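These notes are about the structure you will find just below.
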Amino acid sequence: VKDKFQVSWTIYVGWMPWDYAQQKGIIDKWAKKYDIEIEMVQVNDYIESINQYTVGKFDACMMTNMDALTIPAAGGVDSTALIMGDFSNGNDGIILKDKKTLADIKGQNVNLVELSVSHYLLARALESVNLSEKDLTVVNTSDADIVSAFTSNDVTAVTTWNPQLAAITSAENANLVFDSSKIPGEIIDMLVVHTDTLNDNPKLAKALTGAWFEVMSIMKKGDKEALTFMAEASGTDLAGYKSQLNSTKMFYDADEAVKFANSKELPATMKKVSEFSFEHGILGDGAPNAEFIGMEFPGGKTFGDPKNIKLRFVDTYVKMAAEGKL
Amino acid sequence: MKRLMNLRPSKGTAIFLGLLPFLLVAIMYLFASDARLAENPNDKLLPALTTFSEAIDRMAFTPSERTGEILFVQDTVSSLKRLGFGVLISAILALLMGIPLGLIPYVRNGLSPFVAAFSMVPPLAVLPILFIVFGMGEIAKVALIVIGVTPLIVRDLQQRVSEIPAEQLIKAQTLGGSTWTIVLRVILPQMLPRLFDAVRLTLGTAWIFLISAEAIAATEGLGYRIFLVRRYMSMDVILPYVAWITFLAFLFDFIIKKFTYKMFPWYTAGKETK
Amino acid sequence: MKRLMNLRPSKGTAIFLGLLPFLLVAIMYLFASDARLAENPNDKLLPALTTFSEAIDRMAFTPSERTGEILFVQDTVSSLKRLGFGVLISAILALLMGIPLGLIPYVRNGLSPFVAAFSMVPPLAVLPILFIVFGMGEIAKVALIVIGVTPLIVRDLQQRVSEIPAEQLIKAQTLGGSTWTIVLRVILPQMLPRLFDAVRLTLGTAWIFLISAEAIAATEGLGYRIFLVRRYMSMDVILPYVAWITFLAFLFDFIIKKFTYKMFPWYTAGKETK
Amino acid sequence: MSLISVKNLYKEYGDNVVLEKLNLEIKEGEFCTLVGPSGCGKSTFLKMLLGQETPTRGTFLFEGKPFPKEPSVERGIVFQRYSVFSHLNVLENVMLGIELEKSRFFGKLFGAKRKEAKKIAMDMLESVGLENSAYKFPSELSGGMQQRLSIAQSLVKKPKLLLLDEPFGALDPGISADMHTLIQELWKKNNLTLVMVTHDLHEGFHLGTRLLVFDKIRHDPHAPDRFGATITYDIPISDTSETTLNKIDKSIKKREKNDN
Amino acid sequence: MSLISVKNLYKEYGDNVVLEKLNLEIKEGEFCTLVGPSGCGKSTFLKMLLGQETPTRGTFLFEGKPFPKEPSVERGIVFQRYSVFSHLNVLENVMLGIELEKSRFFGKLFGAKRKEAKKIAMDMLESVGLENSAYKFPSELSGGMQQRLSIAQSLVKKPKLLLLDEPFGALDPGISADMHTLIQELWKKNNLTLVMVTHDLHEGFHLGTRLLVFDKIRHDPHAPDRFGATITYDIPISDTSETTLNKIDKSIKKREKNDN
Ligand SMILES: Nc1ncnc2c1ncn2[C@@H]1O[C@H](COP(=O)(O)OP(=O)(O)OP(=O)(O)O)[C@@H](O)[C@H]1O
Ligand SMILES: Nc1ncnc2c1ncn2[C@@H]1O[C@H](COP(=O)(O)OP(=O)(O)OP(=O)(O)O)[C@@H](O)[C@H]1O
Ligand SMILES: [Mg+2]
Ligand SMILES: [Mg+2]
């Protein structure tokens, strides 16, 4: 049992509310209520943030469902997805230069962050046109440089997320040929906590969940000041931030979040993700098959090896928020 | 007709010649920018001068709505603090290691291969370990600079110490110096100006590491800002920041050089001047 | 009792002392790794030796299932090609610029301030412009190394050329040399060994830029692999790669040094040896 | 006709008058030694003879024509140090002068031409006594041998005028005596015109055919740079006696003490 | 009792025998000059006197006790160059010797003690004629002045034995004459024991009270390193004549030619 916690976050449209909550004292308010201290640490490098969580530097961390599986869970760190705050509904996309349809991607070099959700999105997109990764070449490109990379003549196809996606789409010869709204609910942005820490300190979960939905209610009202604050922190303006929100399905109400956590699509999605990860060799070197890492869902459902459960999805605290018990 | 190598421009010509390439680059920029903007008025790669002045006004003269601070000032102060601490710690560590490494055979034999090997490790490749050891706060950023820069300075100082003529060291011993007092009165004072030179020459590397560190974990700083707006390709912010960094680097180089000349007149007396 | 500075270890002691810190680090690693693995057997930060050997076997001795190639060899070859081309081009450019800058007053006055300013620009901050100019392929990676390293070598060579005693240049003129033949017969041959030295000393910087370039966009290479596997924190791959890079850097340093001594016996004769 | 004629020559650096009202005629075949207190402008005068510096005012003719404004093959030079090329061996150092002239583009000869140049250079090395060190690098030579090499380098160009700026100043006394013999032999054999600056008055007295003493005749204690040096003694060596030597010696020493 | 006694001393570097069967007694107050062909081991012998090197075999006593194995304050040294500290001015260079002794931890004196040290140093500077340059840095001094400074530095420690290794080898001839006068004055005034290596036989003959010549007596042309040098002449200067000088001169020159 401890009373000081560190949570790392990264600049991304669905996670900016955390910065607002921190800066405006909402986190502190909720932490005080439960008699603990919570520090939100901004880490610019998304992977570094997860890595540091995985090695135990942070108690909780923001990451996508796929990264939660392949980094902490595959690294043997038992983790729990405490809040699923949103899913990408167009926030990730594939852009071709000049060409107009997804099938034209065949034979091209595709610049993207390898082994990330972009890679997953590409794989899902290729399935839809009966192509596979063998039909093209993936070029690992850092997310920070992908916008400028697109301006280079060598680059004809990219897969990326927002805000880079929007910056690239604004170019004249850029055509968005596929985006995550075609696979809704598969790229989920979550708050992940070490399972041990969570079990020992339910207060932490309560405080974080409470703070999160307080900000959600502010955003739901479309509070201009709050949105401007988040926009500026992410390096853009109100209009830019709003357009990013438009392609993000935020669960402003706790009810929605509870529903999503209990949906039967969630295990199906995680199965796909697990298979993709296994095929790309990122489930861990010892993984004999895609079921190697077990996952647990609300209501006791599981996927994969039940003796090796490393990733848990819970609705306990979101439900408390929905019921106003926090 | 004189040989080309014997022709010397007059003072006025020299100044004009010195400015010429800067002017050419500026003109080239304006043309390229115009051409791109004519094709696509929203092009972000080479913004027009007016776009720059707007961005500069926003960053350097208007307080941020979010924090009420002037971002540009805040970024500069944070970065310079990190750079300053990093370089200071590196310099002190380098003195503490370089002098024994150069002077004392036992230390040299024991540590020299290790320092040489260590200086070849690319720090950017072992970032996760560094962040584990130093945390994600200010210390980590300073530490990255220290780890990147210290081995360079140490090796330079070690080399310089071992170049001190044996005659001087023997003379100092016949004057009654112990190893300690010889370090204090003979070696250290001769190494100080060399240290300043070494710091000056590694400042470029220090900047690279500072920018890298800020791109990974920071909430303000020159490197952070560039990293942040790079995702939107806001060249109207990036280019002035780059110009500012270049200017600062130039300034420090100049100040340290002047300071060294001023503080250690005997040091420059021994150097070739032309 | 002799002064510490006069004590010299025997040859055996010296070798032992030299190995000691490496041993200590290895032992420290083993303990730390053991401790972490005892807590979480899947911990990836400090893998056990067996995990390393598995990873090395997978990377260096088993052909990749996807491409049928040995990844480690492929990565090394790609990186060394880039590094080699980058350094080669830098060296040639530096010779072409450094000699006129040091020798010809008109060139010095015209370009010296520009080169000095240019050398202060952090290349990583102006990547977008580099991408436009050099594309995203191999050329861009080589170009990043060239841009990062050339100014350093140019400034060094310029300095060295201007340190050639005026007496030599005058003597050469009285022997009937033109500016061109003096460059060819007097300056260039004296600058070649210095060039090798400068290349050697900037190799560390070249590696940093290579790794950065490969982190930005690549499909193979040592830097690429490190950044790719960082996504799932495979320290069992990263650490051997880092060790390998360190070893290569060490090796090149050594080879270039030996080569310079061998090729230019007169060069080292003038230097202090101790 | 004189090889060099100097009339009413001034040399100033900004406000610093180094040489003033210099008048001098040097005929072909003369061996002039040049002494004077430190800083009086001896090297500056040599630089003007070489074309490295130009006079501020006055007539300054070489073979009746204005002095070439930059160093050229007619005038050879031997400095106190640094005038041999450390990256070339002894033979190559001497061959360089031939190669630079014969190969305008590469500055390097090949094949038969190279062989020929090598022969000339070897002969020259023999005449300065370096034939056994032809394949050594300068760093392997003693100071005296380096100076011999520098002389050989210059002589291979058969200059009309050979200038020497304290050529033996950095040598051990025993060795410089040998060098004196050598330079006198070479002067006679090659029919050279020589101008040699020296710090050592005895050297000036015993070498050469003519002694030139540079010194200030006017001196403003409050502005030491206001007046320049000029020629205070210009005597054929045959005329010299111990008393003259002592007189000159005293006047030079006095000036050097004052200046410190 | 002798200050230094050497009996049957050998010095070898690996297979290279540098000195062999050396026997020598030096009494307090002597002024020995040491000459010999280049590379015969003069500097090596001086290094042993200094404690920088140790003999391979033989008896080697200082005041009847074994020689200290590292440099110490009893034995001062003046090298040909590099033995003054370029970062200290002239006065500080001389004060350093006092400060290092009196301040065991900081090597620096403050307040009254510093004033006292300064006075001693100033007196010393006066006796070598540098009182007017006390606040100059060594780089501003001529070669001769630097050597005077180096001597002053050593003398302030009042060493029992002062060693000089070609102290005037790099100076202009005129200046080295002045230095000869100085060193003789200092020797007499301070009651020093002096051992001075020199390249210049004349210098060896006219300074000092005793001349030591080092040379090889056995020579194997196929293995030049096989035999070492020893003392071939050991004569009080009063005994010397021009003929002795010429004889020694010839023998040294011959050896140096052979070795090249
Ligand atoms: N390039 C220059 N610019 C300004 N002043 C100069 C320059 N070269 C020489 N001088 C000045 O001219 C004067 C004469 O210098 P020069 O070197 O000719 O003396 P010198 O007689 O050769 O002395 P030394 O015997 O010490 O070699 C000195 O006062 C020197 O400061
Ligand atoms: N540290 C050393 N290791 C091996 N050999 C050495 C060392 N020091 C000197 N020698 C050898 O000892 C011999 C004598 O050298 P030393 O310097 O004493 O000669 P020297 O008489 O002083 O000559 P010089 O007149 O040129 O100064 C030389 O053959 C030299 O190569
Ligand atoms: Mg001069
Ligand atoms: Mg010697």
Original post:
Sorting D:206, A:194 on the 10 Å Cβ count, fewest up front, what's the list?
Top reply: D:206, A:194
Subject >> Percent of beta bridges antiparallel (DSSP, chain A, rounded to nearest 5) >> reply: 55
**OP:** Sort shortest first the distances from residue C:10 to its counterpart in every other copy, using label points 7 Å along the Cα-to-beta-carbon line, and give them in nm.
**Re:** 7.5
Original post:
Say each of residue D:220 and residue A:37 gets a label point 7 Å from the Cα, pointing the same way as Cα to Cβ; how far apart are those two points in nm?
Top reply: 7.7
Original post:
In terms of the Cα gyration tensor, with a ≥ b ≥ c the square roots of its eigenvalues, is region B:72-195 rounded because a/c is under 1.5, prolate because a/b exceeds b/c, or oblate?
Top reply: prolate
Subject >> Shielding by partners, peptide C:224-231 (average Cβ within 10 angstrom, other chains) >> reply: 6
**OP:** Tell me the distances, shortest first, between residue E:28 and the same position across the other copies, using label points 7 Å along Cα→Cβ, in nm to one decimal.
**Re:** 7.2
Subject >> Mean projected area (nm²) of the alpha-carbon convex hull when chain C is viewed from all directions >> reply: 21.7
Subject >> Amide N of region D:47-82 lying under 18 Å from the label point, which is placed 7 angstrom from the Cα of residue D:120 along Cα→Cβ >> reply: D:72-77
**OP:** For an R0 of 30 angstrom, estimate the FRET efficiency from the Cβ-Cβ distance between residue E:234 and residue E:16 and round to the nearest 0.05.
**Re:** 0.80
**OP:** Report, for residue B:139, each distance to the same residue's label point in the other copies, shortest first and in nm; define the point 7 Å along Cα→Cβ.
**Re:** 4.7
**OP:** Would you mind ranking C:90, C:112 so that the residue whose beta carbon has the fewest other beta carbons within 10 Å leads the list?
**Re:** C:112, C:90
**OP:** Name the residue, out of D:151, D:235, D:77, whose mean-square fluctuation peaks in a Gaussian network model built on chain D with Cα pairs under 10 Å.
**Re:** D:235
**OP:** Tally the DSSP beta bridges in the protein assembly as shown and give the antiparallel ones as a percent, rounded to 5.
**Re:** 55
Subject >> Average beta-carbon neighbours from other chains, 10 Å sphere, peptide D:132-141 >> reply: 2
**OP:** Would you calculate the separation in nanometres between label points at residue A:4 and residue A:307, each defined as 7 Å from the Cα along the Cα-to-beta-carbon direction?
**Re:** 4.1
Subject >> Cβ-defined net charge surrounding residue A:259, 10 Å radius [Lys, Arg +1; Asp, Glu -1] >> reply: -4
Original post:
Quick one: Cα centre-to-centre distance for region B:53-68 and region C:69-109, in angstrom?
Top reply: 41
Original post:
Between residue C:2 and residue C:163, what is the FRET efficiency for a Förster distance of 35 Å, r being their Cβ-Cβ separation, to the nearest 0.05?
Top reply: 0.35
**OP:** Please identify, among D:110, D:60, D:168, the residue showing maximal mean-square fluctuation in a Gaussian network model of chain D using a 10 angstrom Cα cutoff.
**Re:** D:110
Subject >> Burial ordering of D:78, D:128, fewest other beta-carbon atoms within 10 Å first >> reply: D:128, D:78
**OP:** Just check region D:86-158 against the gyration tensor rule for me: Cα atoms, a ≥ b ≥ c as the square roots of the eigenvalues, rounded for a/c under 1.5, and otherwise prolate or oblate depending on whether a/b exceeds b/c.
**Re:** prolate
**OP:** Give the cross-link partners of residue A:203 among the lysines, using a straight C-alpha distance below 19 Å as the criterion and excluding same-chain residues fewer than 8 apart.
**Re:** A:2, A:4, A:29, A:32, A:33, A:319, A:325
**OP:** For region E:129-217, state which GluC sites (Glu not before Pro) are in a DSSP loop and have at most 14 other beta carbons lying within 10 Å of their beta carbon.
**Re:** none
Subject >> Count, lysine Cα pairs under 18 Å in chain B, 8 or more residues apart or across chains >> reply: 7
Subject >> Spatial extent of the protein assembly as shown: Rg and Dmax, with the Cα atoms as the point set, Å >> reply: 39.2, 124
Subject >> Label-to-label distance, nm, for residues given as residue C:251 and residue E:7 (7 Å Cα→Cβ offset) >> reply: 6.1
Subject >> Exercise: per-residue mean of other protein chain Cβ atoms within 10 Å, D:77-83 >> reply: 5
**OP:** Estimate the FRET efficiency between residue B:54 and residue E:135 by the formula 1/(1 + (r/R0)^6), using the beta-carbon distance for r and 41 Å for R0, to the nearest 0.05.
**Re:** 0.10
Original post:
With the Cα gyration tensor of region C:1-142 giving a ≥ b ≥ c as the square roots of its eigenvalues, does the rule (a/c under 1.5 for rounded; else a/b larger than b/c for prolate; else oblate) give rounded, prolate or oblate?
Top reply: oblate
Original post:
Which residue, E:100, E:211, E:182, tops the fluctuation ranking in a GNM of chain E built on C-alpha contacts under 10 Å?
Top reply: E:100
Subject >> Sorted peptide list for E:50-57, D:191-198, A:98-105, criterion being average Cβ within 10 angstrom, highest first >> reply: D:191-198, E:50-57, A:98-105
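Values quoted throughout were computed directly from the atomic coordinates according to the rules given, and no laboratory measurement underlies them. All figures in this text were calculated on a predicted structure; none of them were measured in a lab. Quick reminder, even Gly has a Cβ in these numbers, built from the backbone with ideal geometry, and neighbours come from all protein chains shown.
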